[in-house]
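Here's the structure, in structure tokens; my notes come after.
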Amino acid sequence: MAIKLFLRFVLGVFGVVVFKYYGYKDFYKVYTDASKTQDGVEISIILKNQHILFKLSNTCSIFRSEATAILGAIKTIIKE
């Protein structure tokens, strides 16, 4: 739980800096993350007010997991 709160804080600060500095007011933020631990592999997608979590096969590499999270975010955006 503490890790999720920390990630939300870091991503929030980063997003505020980027969006205020570059002025992307017509866009919305999309965050993806992947995590591989002894317990398994999970990905997270955060966009607008949605937080989507998926469990992946334990055999997935961290690279494949990160790519899957990005692809999942793209597919979710296209569906909207």
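The values are calculated or read from the model by the stated rules, or taken from the named source; none is laboratory data. Not measured: the values here are computed from a predicted model. Heads up, the Cβs are rebuilt from the backbone with ideal geometry, glycines too, and the neighbour counts pull from every protein chain shown. What goes into the accessible areas is simple: the full protein's heavy atoms, side chains included, and nothing from ligands, DNA or RNA. Shrake-Rupley method; radii C 1.70, N 1.55, O 1.52, S 1.80 Å.
If you filter the stretch 40-69 down to residues that are over 9 Å from the mean Cα position of the chain (by Cα) and among the polar types (S, T, N, Q), you find that the one that is least open to solvent (accessible area, probe 1.4 Å) is SER65. Just one residue in the set GLU42, GLU66 is assigned to a helix (DSSP H, G or I) and at pLDDT 65 or above; that residue is GLU66.
Residues that are exposed (fewer than 11 other Cβ atoms within 10 Å of the Cβ), modelled with pLDDT of 60 or more and hydrophobic (A, V, I, L, M, F, W, C) within the stretch 12-39 comprise just one, PHE27.
Every residue in the stretch 32-51 that is more than 9 Å from ALA69 (Cβ to Cβ) and of a type outside the set (Lys, Arg), please. Matches in the stretch 32-51: SER35, THR37, GLN38, ASP39, GLY40, VAL41, GLU42, ILE46, LEU47, ASN49, GLN50, HIS51.
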